[in-house]
Amino acid sequence: MTTYKIYWATWGVLLLITLGMIAAGGALTGKLLLVSLLLAMGVKAALIGGTFMHLRSEQLSLILIVTLGLLLVGAILFAGIAADAVRVLRLSGDGG
Amino acid sequence: MAELANPVHQPSSFLRRYIFSQDHKVIGIQYLITAMFMGIVGGLLAMLMRIQLAWPGQNMPLLSKLFPDGMAGGVMKPEFYLSLITMHGTIMIFFVVSLALVGGFGNFLIPLQIGARDMAFPFLNMLSFWTIVPGCLIMMGSFFVEGGAAASGWTAYPPLSAVRSAVPGSNWGQTWWIVGMALFIISFTMGGLNFVTTILDQRTKGMSMMRMPLVVWALFIASVIGLLTFPALLAAAILLLFDRHFGTSFYLPSGLYFGNHLLPNKGGTPLLWQHLFWFLGHPEVYVLILPALGITLDLLPVFTRKPVFGYRMTIYCLYAIAILSMIVWGHHMYVSGMSPYVGEFFAIGTLSITLPSTIIGVNMIASLWGGSLRFPAPMLFVIGVIVFFGTGGFGGLFLGNATSDIQLHDTYFVVGHFHLMIGGITLLAAFAAVYYWFPKMFGRMMSDRLAKLHFWLTFPTFYALFLVMHYQGLAGMPRRYYAFDKYEFLSGMVKSQVHISLVAFVLGAAQFIFLFNFFWSIFRGAKAEPNPWNAATLEWTTASPPPHGNWGEELPEVHRWPYDYSVPGAASDCTPQTVPPGIAPVAM
Amino acid sequence: MENRASYRVAGKCLAITVWLIGLGVIASGSRRWLPSLASEHGAGIDVMIRFTMAAAGAMILTGHMVLGFFLWRFGSQNKISFRLASHRMERAWSVAAVLVMAVVAEGGVLVLGMPVWAKVFASAAPSSALTVEVTTEQFAWNVRYAGPDGKFGRTSPQLISLDNPLGVDPKDDSAKDDIVDLNIIHVVVNRPVKVRLRSKDVIHSFFLPNLRVKQDSMPGMTIDLWFVPNKTGTFELACAELCGFGHYEMRGILIVMTPEDFEKWLLEKKNG
Amino acid sequence: MEITAAAQPANWDGGVSPFGIGWSKLMMWLFIVSDGLVFAGFLAIYGFIRLASPDWPDRSRMFHLDFIALMTFTLISSSATMATAVAAAREGNRKTVLRFLLLTVLGGCAFLGMQAYEWTGLIREGAGLGSNPWGAPLFGACFFVLTGFHGSHVLSGVIVLAMTAVRSRMGMARAEGVELAGLYWHFVDLVWVFIFTLFYLI
C-alpha cells in the first residue's frame, strides 16, 4: 500500500480544498471570493493533472502541450468574446 | 526499445484489403476519390448558380424536371438558390478540399515520407474515413428533405439558421447540415490525432524534425490547428441543434417576430454563434491552405533541381501562422455589431499575419532562382499556385483592414478573394499533387498531353473568373444575391455576370479532362519506374505502388535533409535522403 | 521525361502568361470601380482603398515581373547556376519582404485606417444629428423619426401587428408625433444622421454603397451609427447580410434633401 | 469511445520517442486536449451568457451545496481509486487492479445517480432547457448542457472502465490499457473541477 500513499494523500488535500471552497462561499465576498475560488480551482486542477495523471513525471514538452493547449486556447476564446457579451447587454432593448 | 518490426501481414479478403482497409495508402486513395466525387457534386451546384446568375428570369424546362420543387415552372426559386449557395460552400470547403489535401494526401504521404510502416492507430484511421462517408451522404441527402437543403450560407448565422420558419431550408435541411458537420468534425479529429501522433512518434531512424519534407510539416501544423479549433465549432453546432429542436435560446434574443407571431425565446444573441463559428472559420482556411503551400514548396526543388529557398524560415512561418490564425477571427465581424475597440485589435492582428505569408510567397518565388526549370504537368500547376498566391494574397490586405472592410464586407470582393485563395490554390496544389504522386499510387504515369490541356483550360479561366469578381465587389455588388436586376447602382455590372458564367462553364468542362485522365491512366497509363521524377524524398526509395508495410524487412535510415539536389561532387543531380554522408557531402 | 525543347517553350509561354497577368491586373485595377462618393467619412475609406490598391498593385506587378523573368531566364538552363542560399541570405530576403509588407499592411491600418475607423465606429454622433430609427424585418426597412418632441415612443414586441409593424405603444404620449415610413429615408444634406439600427427577426445589413456605410442589424440589440451625407440626391439602400429568400430584393432609398425641402416634407408628412 | 490497448507494436526505431511515452499514450493526451477544448468552448459560452445577462440566480440558495460537495467527493475518491488501480497495474498484481477498478466504476455510477437525482429535483421545480423559475432565461439551458455533457463523458468513462475491468479479469488487459482508461477518467474528474467551481460557486 506504500506506493499508493501519494494518491490518497492527494485525495485528502483535494477534499480539504473542496470543503474550503464551499466554506469560503459564506465567509468572503466579491472580488476576493472570485480570486480565491479560481486559485483553489487551479490548485485542484494542478494536483489532479500532476499526480493522478502523472503529468509531473512527463517531459516538459508534453506538459506544455497539454497545459498551454487547453488553457491558452480557452483563454483566447473567452477573452475574444467577453467584450462583446458586455456590449450585447449594454445595447440590448431600446438602449443606444 | 523497438525490435525489428516484421511487416504487418497483408489482409487477404477483398473486404479488408480495399473497403475496410487499414492501410494508410488505400485510405488515402479512398479519401481522394471521395473528394473527387464530392468535387463533381460541388461543381455542379456552382454551375447551377452560374446559370441562375447569368440569366435570372429565364425559363429552364430541362432543369425544372431535374429539380421539381426547387425550380418549379422552370424558374429557380430564391430559397433553392440559397440552398445551392450553402451546400456549394459547405461541400467544397469541408468535403472536397479538406478531404483531398488533408485526408487524401495526408494519409498517403505522411507514413511514406517519414519512413513509417503505417499510421500510429490504423483502426482509428479507417474509422475516420468511414465517418466521413455518412457525412457526405447526409450532406447530399439534405437536398431531398422537406424544405430543401440548408439555406443560411455555409456560415449558418442564426436566427436564419436557428428559427425553423426563417427560410424553408432551415426547417429540416439545417438539422441534416449540423449532423453532417458534426460527423466531419469527429472524422477530422480522428484523422488529426493519427497525423500528429505518427509524425511525432513514428519517424524512422535519422529522420529528425528538421529533415522532414515541407509537405509533412504543413500537414502537421494544419492538423494541430484543426485539433485546437474544431472543438469550438462542435460546441457551437451542438447548441444550434438545441436551439432548433429543444427550445433553448442560446442564439435567439427576446422579441423575435416571425410570420406574424412572437417567438417565446429570451436571452441569447446571434453574435455568440458568429464568434464561435469564426474562431474555427479562420483557422479552418489555414488548415486548407497550408498543405497546399507545403505541396508547392516540396515540388519546387524536384523541378528546379536545387534546394528550396528558406526551409527553416518557412517552418518558423508555419508556426507563426498557426499561432496568429487563432487571434484574428474578428475580421469577419467588423460590421456585425462587434465592439469597435475589439475590431481595432483584430485589424492589427489580421494584418500581422501577412508577414509570415509574405515570407512563404518570397520563398516560393526565390526557389526558382538559378534552378534548371523543367515543366512536366506538376510544375505547371505549381507555377499556377505561385501566381494565385501572388495575387489572391493581397485581397487579404483589403479585407483584413477594418476601414476598407466597411465597403467590401459581404460583397463579391470577398467571394473573389477566398475563391482565389482556398479555392484556387488548394485546387491547383491538389492537381499538382495528383499528377506528381500518381506514379507512386498506381505505378503508372498520367498522360502529360491531357494534363497540359487541363492546365491551360483551368488556370487562365479560374484566374480571370475570380479576378473579375474582385472588381464586382469594389463596385459594391453584395454577395448571395439571387438576381441583380433590382438595383441601378449595379446596372453596369450585370453584364459581367454573363461573362463570368460562360468562363465558369469552360472551367467546369475542363475538369472532366482531368477525371478521364485519372481513371483512364489507372489501367492504361504508361508503366512508371519507382522514381520517375528523380526526387530525393523517402517515398521514392520504395516500389510503386508500395507493398503493404511500405518497405520490406528494413526501414530506411535517413542521413540528409530532403532537398539535396545538385550537391557538388555527387554522382547524379539528386541525392536521396537515404544516401549515407560518405558518398556525397551532406549540405544542410 | 527529358524533352528539353518542349520545356523551353513551356517556360517561355508561362513567362509571357505571367507577365500578361501582371499587366492585366494593373490595367483593370486602375479603372474606377467604386460607386460615386456621397458622404464625408467615405473620403477616408476611399483613400484607404486606393492606397491599398496602389500598394498591392505595385507588389503584384513586381512579383509577376520577377516570376516571369525567372521562368524565362531559368526555363532553358540544363545546369543549375545557383544552388543553396546561405541562412544569412535567406533571413535577409525574408526580413526585406517583411519590412515592405509591414509598412504597406500594418502601416496602412495604423496610419490611414484607424483614424477613419475611430471616427466612424468608435465615436458618438454629434448632438446636431438627425436621429432616424431603422428597424429591419424580413425584406423591408421600417423607418421612424422622433417628430417634434424629439423622443421615440416606447415599443414592445407584444404589440406588433399588421398595422403596427414596430409595436409602438399607443398609450405612450411621445409616440403620438412619431413619423413612420417604409423603405424610404429622408435626410438633410451636410447634417449628421444618427441611425438607430434594430431588427425584428434575422440579421440584415444597412448598406449604403455610395455613402460607404455598412452595419449589420443584430436582433436583440440597438446599434448606433452616424454619417454625414454631403451630396443631395437619391441613393440606393441594399441589404448586405444573408437574410432569407428576399435578401436580393430588399431595396430601400435614401433621399438627401436641402433643409427647406426636408421641413416641407416633414410638414406634409405630419398632417398629410 | 473504445480504446483498444492491444494495438500494433510500436515500430519506432528512430531512437528515443520524443516524449518518452508510447504512441497510444501520446494520442490519448492529444484526445484529452481536443475533448477538453470542447468543454472549454462550453465554458466560454457559459461565461459569455453570464456576462450578457443582467442578473444571475444565487446558486447557494437554490442548490444545497453540501449535496454537490458530496458529488465532488465521490468523483475525487473514484479518481484516487483509479490512480491506485493504475499503479497496481504497473506493478502487475491483477487482484488489486480488479478491486480498485470496480471501486472506480462504483464511484462513477454513484456520481451519475446523484446527478440524476439532482436533475429530477430541479425539473420538478420547473427548470427546463427553455425556461427556469429563477430569473436569467438561459440559466436552465446552461445548467443542463454543461452537466449533461459532463454526465455523458462520465457514462462513457464508466463503460470503458467496466470493459477494462472485464478484460483484466480475463487477463487480457495490459498495464497500458488500464493507464489509458485512467487518463480518461482523471480527465473527466478534471472537467468536473472546472464545472463545479465556475458554475456552482462563482
B:T175 being surrounded by fewer than 22 Cβ atoms within 10 Å (Cβ to Cβ), hydroxyl-bearing (S, T, Y) and under 28 Å from B:H332 (Cα atoms): yes
The stretch D:1-39, residues that are crowded, with 21+ Cβ neighbours inside 10 Å and at pLDDT below 50: D:N11, D:W12
Restricting the stretch C:165-181 to residues that are under 9 Å from C:A146 (Cα atoms) and in a loop (DSSP other than H, G, I, E, B), the residue that is modelled with the highest pLDDT: C:D178
Pair list, Cβ < 6 Å and 6+ apart or interchain, from the stretch B:463-485 residues that are facing chain C (nearest Cβ under 7 Å) to residues that are β-branched (V, I, T): B:P478/B:T411; B:R480/B:I85
All positions within the stretch D:114-140 that are of a type in the set (D, E, K, R) and in a loop (DSSP other than H, G, I, E, B): D:E125
Candidates C:A105, C:A122, filtered to the one that is assigned to a loop (DSSP other than H, G, I, E, B), facing chain B (nearest Cβ under 8 Å) and at negative phi: C:A122
Selected residue [more than 23 Å from B:Y487 (Cα to Cα), touching a Phe, Trp or Tyr at 6+ places or on another chain (Cβ under 6 Å) and assigned by TED's automatic domain parsing to the domain that holds C:G150] from C:K264, C:K200: C:K200
Filter result for B:H261 (within 21 Å of B:A322 (Cα to Cα) and within 14 Å of chain C (Cβ to nearest Cβ)): no
Given (1) crowded, with 18+ Cβ neighbours inside 10 Å; (2) among the acidic types (D, E); (3) more than 14 Å from chain C (Cβ to nearest Cβ), number of the condition B:D564 does not satisfy: (3)
Residue count, the stretch B:129-162 (criterion: within 14 Å of chain D (Cβ to nearest Cβ) and crowded, with 24+ Cβ neighbours inside 10 Å): 2
Residues (under 25 Å from the mean Cα position of the chain (by Cα) and closer than 22 Å to B:S21 by Cβ) located in the stretch B:522-537: B:I522
Lone unmet requirement of (1) of a type in the set (F, W, Y); (2) outside any loop (DSSP other than H, G, I, E, B); (3) more than 17 Å from B:M441 (Cβ to Cβ) for B:Y563: (2)
Among the candidates C:L23, C:L110, C:L84, residue that is of a type outside the set (S, T, Y), outside any helix (DSSP H, G or I) and farther than 16 Å from B:V362 by Cβ: C:L84
Residue list for the stretch A:42-90, filter: outside any helix (DSSP H, G or I), of a type outside the set (A, V, I, L, M, F, W, C) and touching a helix residue (DSSP H, G or I) at 6+ places or on another chain (Cβ under 6 Å): A:R56
Criterion: more than 14 Å from chain C (Cβ to nearest Cβ) and under 27 Å from the mean Cα position of the chain (by Cα) - qualifying residue of B:F246, B:F184, B:F242: B:F184
Out of B:Y251, B:Y341, B:Y319, sole residue that is among the hydroxyl-bearing types (S, T, Y), within 11 Å of chain C (Cβ to nearest Cβ) and surrounded by fewer than 24 Cβ atoms within 10 Å (Cβ to Cβ): B:Y341
Members of the stretch D:167-186 found to be of a type in the set (A, V, I, L, M, F, W, C), within 10 Å of another protein chain (Cβ to nearest Cβ) and crowded, with 24+ Cβ neighbours inside 10 Å, listed by number: D:W185
Breaking point among (1) under 22 Å from the mean Cα position of the chain (by Cα); (2) within 10 Å of chain B (Cβ to nearest Cβ); (3) β-branched (V, I, T), for C:V134: (2)
Selection from the stretch A:52-96 of residues that are of a type in the set (S, T, Y) and within 16 Å of the chain's Cα centre (by Cα): A:T67
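The values are calculated or read from the model by the stated rules, or taken from the named source; none is laboratory data. The structure displayed is predicted, hence computed values, not measured ones. Cβ coordinates were reconstructed from backbone atoms using ideal geometry, including for glycine residues, and neighbour counts include every protein chain displayed.
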